Amino acid sequence: MDVAIRHTTDWRFSTLASWLGVTIACAYYSNNHSDLLLQIPVSGAILALLFYVLKAPNSYVNFVAAAYFLLIAILMQLTSTSLIFIHLVMFSAIFSPHFSLPKAIFAIIATILTYSLTHYEAWQGNTPWVMFIVWFFFCTMNWFVSRRIVESLNMHYQSRQNYKELKATQQMMGALHASQERLHISRELHDALGHKLTALSINLDFAKRTAPADMEETLLNCHQLSQEVLEEVRAIVSAQRNDNTLLKQALEGIFALTPQLRCHLSITSTAEQLSQEYALCVIRFCQEMISNTLKHTKANEITFDIQVKTSDEGGILKALAFHNQRENMLPRPGNGLTGLNERVAHFKGQYIQEIHDERLLNTLLLPFEKEVIGD
């Protein structure tokens, strides 16, 4: 496959109009009544095939192209009009992104030869070469135009996709920054205010035990109040430290903006507590894997597995990504992977690509110190 179709433009109405026009012409110029009846299932099969191509333009391309070619050849035997070459024009337009120019020319010439051989007697020996030449150049030119249109629409779709991913990343960065600030404030509350409240509670408890009878009730109330305030501070700190789902939410937001690729995510709770810098690196890694899968494969699923292994000194973050298309060789790295390697080098980590059981595994390894993950 030369170019995968990524845009979401609706071609149903133009396709239906073209199919209806050629179907009416073939029916009007049918050879006989029985051929007219036979045209109904053939034209219906062509329509079903066209709508399947519109729904899944990158699936079973060679099989669909062969089936379309065969149906056109069958329909040629049931009619005498050369307007059936409209189907050939549609063929060159539909498969222009997937077939190179030599393949397209081969299909066009094969269709024209099939028509000329099966309708030679109807011309009484006078072969209309001019008609064939006109249809040949028309189909070839349509291949060029359609291919440029698809490439342009793909670029427009990719630009919109990049913009959505950028907006999602910006929102995630804002949310992560706010989360880091809340976590910092909660730590200050725990380390400063919490400790002082604990000391105050201890002193009040001691004072309550040694105070005269007329002050005992007042000190008891003060001690209970200090205990309640201390519990509220602890509850606030615990709530802020347990709110660590921003990385997962950010990734799920990016996945939702990629409708042509089903994304599966497995992430450990410890990984959700990563600092802002490490979380951003993981997000960039996932975005690069999605982008490469869309550009260079026909995969429709991709899986991400993000785990963190910790120790007393620190730990290591491992992010694994793989899609559901078989691979036999490592892809050549482009600018995106080069930039990812530079980002990973900043953390003294590794980015590894390897083939295992005909599956391309992309692994991100980032070592970190204990302070990177919140307590």
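Once the stretch 265-312 is represented by equal point scatterers at the alpha-carbon sites, with solvent omitted, what log10 I(q)/I(0) does the Debye formula produce at q = 0.16 Å⁻¹?
-0.53
Please give the direction-averaged projected area of the C-alpha convex hull for the stretch 1-115, in square nanometres with one decimal.
The number I arrive at for the stretch 1-115 is 6.6 nm².
Which order do CYS263, CYS26, CYS222 take when ranked by solvent-accessible area (1.4 Å probe, heavy atoms of all protein chains), largest first?
Putting CYS263, CYS26, CYS222 in descending order of accessible area: CYS222, CYS263, CYS26.
At 25 °C and 0.890 mPa s, grab the translational diffusion coefficient of the stretch 32-84 from Stokes-Einstein with a Kirkwood Rh over Cα pairs, rounded to a whole number in µm² per second.
After rounding, the answer is 208 µm²/s.
Going by average Cβ density within 10 Å per residue, which order do the peptides 68-80, 285-297 take, highest to lowest?
Descending mean neighbour count gives 285-297, 68-80.
Which whole-number percent is the relative contact order of the stretch 18-163 (Cα, under 8 Å, 6+ apart)?
27 percent
Distance check, please: which entries in LYS55/LYS248; LYS248/LYS309; LYS55/LYS167 exceed 24 angstrom between their Cα atoms?
LYS55/LYS248; LYS55/LYS167
The values are calculated or read from the model by the stated rules, or taken from the named source; none is laboratory data. What you see is a predicted model; the values in this text were computed from it and never measured. FYI the Cβ positions are ideal-geometry reconstructions off the backbone, even for glycines, and counts take in every protein chain you see. With ligands, DNA and RNA removed, areas are computed over all heavy atoms of the protein, side chains included. Shrake-Rupley method; radii C 1.70, N 1.55, O 1.52, S 1.80 Å.
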